[in-house]
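These notes are about the structure you will find just below.
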Amino acid sequence: MDASFREMAWQSVDRIFADLHLAPGTPFPVAVMFRVRGEESLAAVRADLERAGLEVASVDKRRWPFGRRWEVFAKSSPQPIARTELERWLEGLEATVSKHDAVVAGWVPVLPAA
C-alpha cells in the first residue's frame, strides 16, 4: 500500500477515534481490500487470507486503464487499532499475498454504527 495513502488512512482513523472518544489500541474488526492481478491467483489469495483468519466477504472484477484487476474484500477478527501493531499486521498480510501478485489496497476499522 502506498505510504501517502497509509498516512491519510491513519489521519482519518485518528480523527474518528478522537471524535468518538475511543482510546488508541481499542480493538475493532478491520476491513481490508486487496487487488489481485490475475484470476488464476484468486483461489490462492483467498486460501491464504482464510489461513490468516480473515473472512472473505466479496470478490469483484474491476476494469483499470491497463487491464483488469480483481478486488478481494475481507474482514478480520478484532485487531488493536494502534499504528505499530496494525502496520505490522498489514505488512504481514502484504507479504502473504504478494507472492500471488496481489497487494493490500486499503483498510478501515469496522466501527459500530453511531
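Readers should treat all values here as calculations from the given coordinates under stated rules, not as data from a laboratory. On a predicted model such as this, the values are computed, not experimentally measured, just so you know. Heads up, the Cβs are rebuilt from the backbone with ideal geometry, glycines too, and the neighbour counts pull from every protein chain shown.
Cβ crowding within 10 Å, taken as a proxy for footprinting-reagent exposure, orders H100, H21 from fewest neighbours to most as H21, H100. Rg over Rh for the chain works out to 0.98, both radii taken from alpha-carbon positions and Rh defined as the Kirkwood radius. Normalised by the number of residues in the stretch 3-109, the mean separation of alpha-carbon contacts (under 8 Å, six or more apart) gives a relative contact order of 39 percent. Remark: the chain carries a charge dipole of roughly 320 debye about the Cα centre, counting +1 on each Lys and Arg Cβ and -1 on each Asp and Glu Cβ. Here T84, T96 are placed in order of increasing Cβ neighbour count within 10 Å, fewest first, which gives T84, T96. In terms of surrounding Cβ atoms within a 10 Å radius of their Cβ, L49, L20 rank from fewest to most as L20, L49.
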